[in-house]
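Beneath this line is the structure, given in structure tokens, with notes to follow.
The values are calculated or read from the model by the stated rules, or taken from the named source; none is laboratory data. For clarity, every value in this text was computed on a predicted model and none was experimentally measured. For neighbour counting, all protein chains shown are included, and Cβ atoms are generated from backbone atoms with ideal geometry for every residue, glycine included. Calculation scope for accessible area: heavy atoms of the full protein, side chains included, ligands and nucleic acids excluded. Shrake-Rupley method; radii C 1.70, N 1.55, O 1.52, S 1.80 Å.
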Amino acid sequence: MEMTGAQILIHYLEDEGVEHLWGYPGGAVLPIYDALDTDAKNLSHILVRHEQAAVHAADGYARSTGKPGVVLVTSGPGATNAVTGIATAYMDSIPLVCITGQVPTGMIGLDAFQEIDTVGVTRPIVKHNFLVKNVDELASTLKKAFYLATTGRPGPVVIDIPKDVQNAKSTYAFPQEVEMRSYLPITKGHGGQIKKAVEMMLSAKKPVLYTGGGVILGDASDELIELTRKLGFPITQTLMGLGAFPASDNLSVGMLGMHGTYEANLTMHNSDLIIAIGARFDDRVTGNLEKFCPDAKIIHVDIDPASISKNVLVDIPIVGPVKQVLTEMLRVLERTELSMDQAALDDWWSQIEDWRATNCLRYDSTGAKIKPQAAVEAVWKSTDGKAYVSSDVGQHQMFAAQYYPFDKPRRWLNSGGLGTMGFGLPAAMGAQMAFPDETVVCITGEGSIQMNIQELSTCLQYGLSVKIICLNNGFLGMVRQWQEFFYERRYSMSYMDSLPDFVKLAESYGHVGIRIDDPKTLQAQLDEVFSEKYKNRLVFVDIITDQQENVYPMIPAGAGLNEMILV
Amino acid sequence: MKHIISMLIENESGALSRVSGLFSARGYNIHALTVAPTEDDSLSRLTLVTSGTSQEVEQIVKHLNRLIDVVKVLDLTEGLHIERELMLIKLSTTGDTRDEYKRLVDIFRGDIVDVTATTYTVQMVGKSAKLDAFIDVIDPGLILETVRSGTVGVMRGEKCLQI
Ligand SMILES: Cc1ncc(C[n+]2csc(CCOP(=O)(O)OP(=O)(O)O)c2C)c(N)n1
Ligand SMILES: [Mg+2]
């Protein structure tokens, strides 16, 4: 069928099965917005209030569903506003397709109005990007973009479409096939390596599974659960991996790393074998590399060869999709004649239980002020631990990770890699759009929420009934904590002055605002927030918390995993 | 150690900047880089010289492979290979130095490809180390201009970098 580039785009997105398009119009995408009006049947467009939020929302949709998020923004400032969102998705390997308008091809390079080199600006923060110069190549480029975004190690892909290409005509048919000679995602881990790995696992005396976001991205949670339970090994998960293995299972020793549990970090440090699965030995996890797990051999399963032996040298690398590799490991385990040293494993567990007995997440909740930890625990209780929870970045993020244990994957939406303040609310919107009947919570701080607060307006327009839990400590708390520990309490610029009245602010946006400042009423008030009463309303809960509270345990910069500060 | 990394990349605008951008973003160094089309219109051949421990270079190769526009990568230094670089060097030559430099150029198997009353322009091909050696024997004050192509290379024998 003959149609314009703009129409081809809309038809392609519908044929690809895209449900939601998050965007914001402008001069260089007007033909696309027009085609959206005339041609779209099932595709719903959500008009955000800032392009950064469009990308985070598409990202939250992708994290919660596993499907790619799709974004549409204009050239120049539209594209640059999207950059933080794209980088956030890139650092966490989230599948996104971001369509940007561009000035007409004849004007590229002439510093035209709202021209920026979008392909150049986004190059280091995308899996790949395209400038479409010929309308005949538009459909096949879109196909490649979705293929690249969703296969192998996922990531964001940007397609820059000049305005004249949007207006030019071509015939459209949905491309059924895609082939790229330079891109062949790995579909299978090496059988020999997997066998060697299983043998090493069975001969270990102090093993630990260390798993990350790759397990969730690779939809391998079921396989991970089966393998872990079969082996009976302790498992620790990264900030990005939470939920892939149920936190309530006794085999789970909690999150590891800078604010990980005592038992998780000591289990890692004292282990003789680390089985790393879909995790990338990030500096927030390893602490000082020179002191990292001195006695451990390492098996590393990852889809991206470049993640293997990048920070820490490994003994058995296995490149492949986590799901396939774990399935194969289970098969090998089933057949092997080798058996585990159960006595050694029992000793290992009794050691781990001793560490667990320190109860490192305890806190004093007797005071007159609400402890942020208590607030998160109360949210967990009110929601039965079943909510989709996004967070922003700061102390509240760590409290959320520590005190809202997840039993399912894709429930915890969090900017782990880039650490982007402003991520929380739009990410929650994406999840709420995907799951209108589920409870979606955004745990945020009074600093972070102000970085995308304008989206309260979008939430009203589209009936997104997110529950915002603002742990209001009047400080850029994580900054204040570092200043307290490492800069002799010089609290330079970390106090949040002139805060708005969040209750009134929420109300002026047409939502419900509730303030909680008494520990005695905390649980009851939250129970009401999550009751039927507010099922279809966005509620902004401003919880006034203890200003001086810090996140513990903590591994200071330069220290090893065994050098934690406990309370 | 020095490594010569040779690759086939898509002959598309932007492909080169993806490669060079990777090196600057990850703090890897590029001693030399050269790129030109091949007999296949859709491909360019890019050769670059970098240095690092074998672990670092392995990481570089992995990251290069991750780039969508990079079709194939080979570290030539891993096996027997032939490497060549072309240099044009313009020397200020008057009086007695003219004979001396003519002799030196012969010893290094270079050619004088342009002559004026006061200059020689010398063309020389060889391993980079040989070109370095030639430069070392010339009085630096007499070198007017040096231009080097960067190293290119192929594997010895039947092994080829092809798709
Ligand atoms: C966009 C952005 N700017 C700056 C930072 C650095 N930063 C990390 S945590 C933090 C404080 C966050 O304050 P708030 O949202 O109130 O959370 P709290 O730590 O108080 O819970 C800052 C400024 C960041 N992560 N992201
Ligand atoms: Mg705060």
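Values computed for the structure shown
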read-out: Boolean, A:T100 is within 30 Å of the chain's Cα centre (by Cα), part of a loop (DSSP other than H, G, I, E, B) and either more than 14 Å from chain B (Cβ to nearest Cβ) or surrounded by fewer than 21 Cβ atoms within 10 Å (Cβ to Cβ) (or both); value: no
read-out: Selection within segment B:47-72 - surrounded by fewer than 21 Cβ atoms within 10 Å (Cβ to Cβ), more than 10 Å from chain A (Cβ to nearest Cβ) and of a type outside the set (S, T, Y); value: B:G52, B:E56, B:V57
read-out: Any chance A:Q397 is within 16 Å of ligand 1 (Cβ to nearest atom) and part of a helix (DSSP H, G or I); value: yes
read-out: Which listed residue, of A:R489, A:R480, is without any contact (Cβ under 8 Å) to a residue 60 or more places away in the chain, assigned to a loop (DSSP other than H, G, I, E, B) and out of contact with any Lys or Arg (no Cβ under 8 Å at 6 or more places or on another chain); value: A:R489
read-out: Answer residue from segment A:461-498, given it is more than 16 Å from ligand 2 (Cβ to nearest atom), basic (K, R) and more than 24 Å from the chain's Cα centre (by Cα) and is nearest to A:I565 (Cα to Cα) among those; value: A:R489
read-out: Residues satisfying the stated conditions in segment A:417-451, i.e. surrounded by fewer than 24 Cβ atoms within 10 Å (Cβ to Cβ), of a type outside the set (A, V, I, L, M, F, W, C) and more than 16 Å from ligand 2 (Cβ to nearest atom); value: A:G417, A:P436, A:D437, A:E438, A:T439
read-out: Contacts under 6 angstrom Cβ, first residue in segment B:46-61 being within 13 Å of A:K310 (Cβ to Cβ) and of a type outside the set (D, E, K, R), partner open to solvent by 40 Å² or more (accessible area, probe 1.4 Å) and not in a strand (DSSP E or B), 6 or more apart; value: B:I60/B:Y28
read-out: Residue count for segment B:1-23, restricted to those that are within 9 Å of chain A (Cβ to nearest Cβ) and either within 19 Å of B:E39 (Cβ to Cβ) or of a type outside the set (K, R) (or both); value: 8
read-out: Segment A:118-141 - residue that is within 27 Å of A:A173 (Cα to Cα) and among the basic types (K, R) and, of those, farthest from the other protein chains (Cβ to nearest Cβ); value: A:K133
read-out: Tally of residues being surrounded by 14 or more Cβ atoms within 10 Å (Cβ to Cβ) and closer than 25 Å to A:I443 by Cβ across segment A:557-567; value: 1
read-out: Residues within segment A:76-91 that are part of a loop (DSSP other than H, G, I, E, B) and open to solvent by 10 Å² or more (accessible area, probe 1.4 Å), tallied; value: 0
read-out: Pairs, first farther than 26 Å from A:K535 by Cβ and within 16 Å of ligand 2 (Cβ to nearest atom) in segment A:379-403, second acidic (D, E) and open to solvent by 20 Å² or more (accessible area, probe 1.4 Å), C-beta under 8 Å, six or more apart; value: A:Q395/A:E549
read-out: Which numbered condition A:D364 misses (of (1) in contact with a Phe, Trp or Tyr (Cβ under 7 Å, 6 or more places away or on another chain); (2) modelled with pLDDT under 95); value: (1)
read-out: Scan of segment A:516-560 for residues that are part of a loop (DSSP other than H, G, I, E, B) and β-branched (V, I, T), ordered by number; value: A:T521, A:V551, A:I555
read-out: B:L33, sole failed condition from (1) at positive phi; (2) more than 14 Å from chain A (Cβ to nearest Cβ); value: (1)
read-out: Leading residue by the ranking (surrounded by the most Cβ atoms within 10 Å (Cβ to Cβ)) among those in segment A:377-394 that are within 15 Å of ligand 1 (Cβ to nearest atom) and within 19 Å of the chain's Cα centre (by Cα); value: A:S390
read-out: Residue within segment A:294-308 that is in contact with a Gly (Cβ under 6 Å, 6 or more places away or on another chain), more than 14 Å from chain B (Cβ to nearest Cβ), buried (at least 18 other Cβ atoms within 10 Å of the Cβ) and not in a helix (DSSP H, G or I) present; value: no
read-out: Filtered residues of segment A:518-529 (kept if out of contact with any Ser or Thr (no Cβ under 6 Å at 6 or more places or on another chain), open to solvent by 30 Å² or more (accessible area, probe 1.4 Å) and either within 15 Å of ligand 2 (Cβ to nearest atom) or within 22 Å of A:L464 (Cα to Cα) (or both)); value: A:Q525, A:E528
read-out: Among (1) more than 25 Å from the chain's Cα centre (by Cα); (2) polar (S, T, N, Q); (3) on the phi > 0 side of the Ramachandran plot - the single one A:T336 does not satisfy; value: (3)
